[in-house]
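The values are calculated or read from the model by the stated rules, or taken from the named source; none is laboratory data. This structure is a prediction, so every number in the text was calculated from the model and none was measured. So basically every Cβ, Gly included, is an ideal-geometry build from the backbone, and we count neighbours across all protein chains shown.
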Amino acid sequence: MYLSSWDMNILIVLGTHYPHLGGMSSHISTLSKELKKRKNNVYIISLSNFPALVRLTFTIIQYSFDAIKKGLGSFLRQVLFKLLMSIIVFFYCLVKDIDLINAHDCISLNSTWLAKKFLKTPTILTVHGYLTFERIAHGDLDRKATTLIKLSIEEERRAYKTAHYIITVDSRLRAYILRFNVSKSKVIKIENFVDPEEFHIDLDKTICRRMFNIPSEKVVILIPRRLVEKNGVFLPLHALDYIPEKIRNELLLIYCGNGPLEKDIRRYVQKNRLKNVILMGAVPHEKMKYMYKASDIVLIPSIPVKGVEEATSISALEAMAVGVPLIASNIGGLREIIIDNVNGILVQPEPESIAKAITDLLLGIKCVNISKAQRFVKEKYIKNIEKIICIYNEAVRRQG
């Protein structure tokens, strides 16, 4: 049974461009589609709503001041963004008679203060990651910049304290937020989800391979990852050394995604003369389901980096929904959605473990129950959407 969400006017706010290639954008698209099905009005405000001149100004400020001190430009950009976004959100709430705001990052949540103060609009914060730790891990914030780190942590604290409810996509994120002395009752774990119907494909694998010019005789291992350190994108390359030669010669590793490590990966592939690695770049979301279908194994080789671990991976859920055997690192939110040797295979994030899992899967020593994986995605989808709607209802009811 679907729950009613009271025919609400819902405003979704995020500090990046929308739509964009990535898990957060997929999450928001799926959520808004489901909310609209239930006759709600959904409005989305993102960086894309800002005029091009304003976005250019943001970029100039960030790079100019980051050149002086790493992280300073990002901080000043953030201050300007919050100022402008708070005005936009306020007028949106006023004109569209918004019942509830769902922000998808701490900066956006803190940009809703005008609407909260003067219009009493309830706010939900969905947390997809660790703001400060991820800035450090991605090199946007210098570990030695203690003042800027304190300001970033304070930004998180303010968001966690002022949100009416907080949704986290895994247990580790929930535990992290509770360290800020936030009430346990307002922090709810709801894993990410994907619409199983969206990833139902009737096309044959051979046809899907033709769409991407993939050789039919190869065993395709897909790595649908943004090319950053925490996604462990070098592990599959190192794992090749531990796979028996006969199997290795049949493999084709395909990376779908871009990022700062792309040049390093290309350099490694060229230096080691690897003929069985393809970097396909970013594949549009609407085509990814065919890319999954064209694959034999999907690999999510994430690693812990400076306190940051993979949350509930959208890519992992998409692979399960399509019906492709999944191998993933036994860390973070991945171990909360994957039951080892049932709907996927969990491995230690190291080359030898990944190589063994690939080899065992191809030799039939290990297997994945595809029907159970697809059923898991379907059940989680219905259950988690209903949980979010319950939180929306409760937030509006409490605010009166």
* Structure fact -> Residue count, the range 352-383, condition under 24 Å from the mean Cα position of the chain (by Cα), buried (at least 19 other Cβ atoms within 10 Å of the Cβ) and not aliphatic (A, V, I, L, M), comes to 3
* Can you give me the number of residues within the range 120-157 that are touching a Cys at 6+ places or on another chain (Cβ under 8 Å) and either surrounded by fewer than 16 Cβ atoms within 10 Å (Cβ to Cβ) or modelled with pLDDT under 95 (or both)? => 1
* **Index of the failed condition, F376 passing every other in (1) over 21 Å from E318 (Cα atoms); (2) modelled with pLDDT of 95 or more** => (1)
* **the range 334-349: number of residues that are of a type outside the set (A, V, I, L, M, F, W, C), surrounded by fewer than 24 Cβ atoms within 10 Å (Cβ to Cβ) and touching a helix residue (DSSP H, G or I) at 6+ places or on another chain (Cβ under 7 Å)** => 3
* Given V54, V42, which one is at pLDDT 90 or above, outside the structural domain of R226 (by TED's automatic domain parsing) and either of a type in the set (F, W, Y) or more than 30 Å from E197 (Cβ to Cβ) (or both)? -> V54
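Conditions (1) over 20 Å from A103 (Cα atoms); (2) among the charged types (D, E, K, R), marked per residue:
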residue: S26; (1), (2): no, no
residue: S48; (1), (2): no, no
residue: P51; (1), (2): yes, no
residue: K69; (1), (2): yes, yes
residue: L72; (1), (2): yes, no
residue: V79; (1), (2): no, no
* When you go through (1) in contact (Cβ under 8 Å) with a residue 24 or more places away in the chain; (2) farther than 17 Å from G129 by Cα; (3) of a type outside the set (G, A, S) one by one for I338, which number turns out not to apply? -> (1)
* Would you check if there is a residue in the range 105-113 being at pLDDT 90 or above and acidic (D, E)? => yes
* Asked: Would it be correct to say that I167 is of a type in the set (V, I, T) and part of a loop (DSSP other than H, G, I, E, B)?
  -> no
* To do: Could you identify the single residue in V233, V187, V220 that is farther than 25 Å from I107 by Cα, within 20 Å of the chain's Cα centre (by Cα) and of a type in the set (A, V, I, L, M)?
  => V233
* **helices (runs of 4 or more DSSP H) completely within the range 313-385 that count 3 or more residues being small (G, A, S)** => 314-322, 351-363
* Could you identify the single residue in Y242, Y268, Y255 that is among the aromatic types (F, W, Y), outside the structural domain of E134 (by TED's automatic domain parsing) and crowded, with 20+ Cβ neighbours inside 10 Å? => Y255
* Structure fact -> Matching residues in the range 74-113 (within 27 Å of L173 (Cα to Cα) and assigned to a helix (DSSP H, G or I)) number 17
* To do: Using the structure shown, decide if S185 is in contact with a helix residue (DSSP H, G or I) (Cβ under 8 Å, 6 or more places away or on another chain), polar (S, T, N, Q), in the same structural domain as D140 (by TED's automatic domain parsing) and surrounded by fewer than 17 Cβ atoms within 10 Å (Cβ to Cβ).
  => no
* Among the residues of the range 230-289 satisfying the criterion of being part of a strand (DSSP E or B) and either β-branched (V, I, T) or touching a Phe, Trp or Tyr at 6+ places or on another chain (Cβ under 7 Å) (or both), which is farthest from Y18 (Cα to Cα)? -> V277
* V322 vs. criteria aliphatic (A, V, I, L, M), in the same structural domain as V220 (by TED's automatic domain parsing) and at pLDDT below 95 -> no
* Asked: Within the bounds of the range 211-229, is there any residue that is part of a helix (DSSP H, G or I), modelled with pLDDT of 95 or more and surrounded by 13 or more Cβ atoms within 10 Å (Cβ to Cβ)?
  -> yes
